[in-house]
Amino acid sequence: MQKSEGNEKDIAIETLGGSIARLTEQGELQTTAIPALSLFRRTEPTEPVTGMYQPSICLIGQGAKRVQLGDDTYIYDPQHYLITSVHLPTVVQITEASPEKPYLGLRLTFDLHEIAQLMADSQLPPPRTQQSGRGMAIGETTLPLVNAFVRLIDLLDAEEDIPILAPVIQREIIYRLLVGDQGARLRQIAAAGSQSRQIAEAIDWLKGNYTQPLRIDELSTQVNMSISTFHHHFRALTAMSPLQYQKTLRLNEARRLMLMERLDAASAGFQVGYESPSQFSREYSRLFGAPPLRDITNLRQITPLENP
């Protein structure tokens, strides 16, 4: 029985990969008519790329990828998914891809409020522990989960059905995750009053106010935590301190401003909260491996990569 189900899952994964391949024939990144769903193709391995992962689930139809969060490494493939429960700065590298067997992947973002509502509607039990774990994890794909994604992608061929059916299938996917092997992680983030939820609220504040000076005492009070507890659980969830997190947000936004809006380094640094151009350049080089001008020049010379 288990062998048969394994064969069925392999067939479903092959179907998923085939659908992604067909829909990404015209480019490496495909935003879709389903706003939360993105598809990706890559015909060769990539160098490590920094970027922010949103709360989401990522599946692979073919190939493999490595994601670095702090000192932690997550490697996933068609048999495993990557789940992210809060916005996290990472270093990403596609490790298996070729013209004959391209990397084929997808990302579905989700809203923590929708997860909390589904938990309430389904009367799912709260997480057993209130301790914060990492906001990122690898889980094993299941046949029902893969089949749900196949049906979601199939809707792209019948766009008139998307407004009615896509939310239903997305809700099913979230349910499959909540009752799966990484479900406790999502429940911790979504459950009101949990320490993980408090840290998620602090992360939301940082995302909206990263240009402002960071006052840990005020932020910890805002989320009803002592400073020491706040530091401990923030690092447990994100693998970095609040100050490191804010710095990464600033530098990623500065990179976007230089790349997409063609700001010069000094202007981009000032706009994201840096007062010293030399400090900005130094910290930028430490994160991205090259000074701002050289890094942006290199980025403009390469094909756009899948970037969280």
Check your understanding: For Rg and Dmax of the Cα atoms in Å, the listed values are (i) 20.1, 64; (ii) 23.4, 81; (iii) 22.1, 72; which was obtained by calculation from the structure presented?
Key -> (i)
Review point. Mind listing which GluC sites (Glu not before Pro) in the range 195-298 are in a DSSP loop and have 13 or fewer other Cβ atoms within 10 Å?
Key: GLU261, GLU275
Check your understanding: For VAL179 and GLU159 in one chain, what is 0.36 nm times their gap in residues minus the Cα-Cα distance, to one decimal in nm?
Key -> 4.3 nm
Revision key, fill the gap. In deg cm²/dmol, rounded to the nearest 500, the helical mean residue ellipticity at 222 nm of the chain, built from -39500 (n - 2.57) for every DSSP H run of length 4 or more, is -15500 deg cm²/dmol
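Please identify the GluC sites (Glu not before Pro) of the range 22-127 that satisfy two criteria: DSSP loop assignment and at most 12 other Cβ atoms within 10 Å. Which are they?
Those satisfying the criteria are GLU25, GLU100.
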Check your understanding: If you average the sequence gap of Cα pairs under 8 Å that are 6 or more apart and divide by the length of the range 244-301, what percent do you get for the contact order?
Key -> 29 percent
**Study point:** Selected from PRO55, PRO167, PRO45 as most flexible by GNM, with the chain as the system and alpha-carbon contacts under 10 Å
**Key:** PRO167
**Study point:** Gaussian network model of the chain, springs between alpha carbon atoms under 10 Å - residue of GLN123, GLN246, GLN222 with greatest fluctuation
**Key:** GLN123
Review point. Looking at the range 161-264, which trypsin sites (Lys or Arg not before Pro) are DSSP coil and have at most 12 other C-beta atoms within 10 Å of their C-beta?
Key: ARG215, ARG262
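Taking only pairs that are 8 or more places apart or on different chains, how many Lys pairs in the chain have Cα atoms under 28 angstrom apart?
8
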Exercise for review: Take the chain, connect every pair of alpha-carbon atoms lying under 10 Å apart with a spring to form a Gaussian network, then pick out the residue of SER267, SER38, SER122 with the largest mean-square fluctuation.
Suggested key: SER122
Check your understanding: Relative contact order for the chain: what is it in percent, counting Cα pairs under 8 Å that are at least 6 residues apart?
Key -> 17 percent
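Taken together, the values in this text are just the output of simple stated rules run on the coordinates, not laboratory data. Since this is a predicted model, take the numbers as computed values, not measurements. Methodologically, a virtual Cβ is constructed for each residue, glycine included, from the backbone with ideal geometry; neighbour enumeration extends over all protein chains shown.
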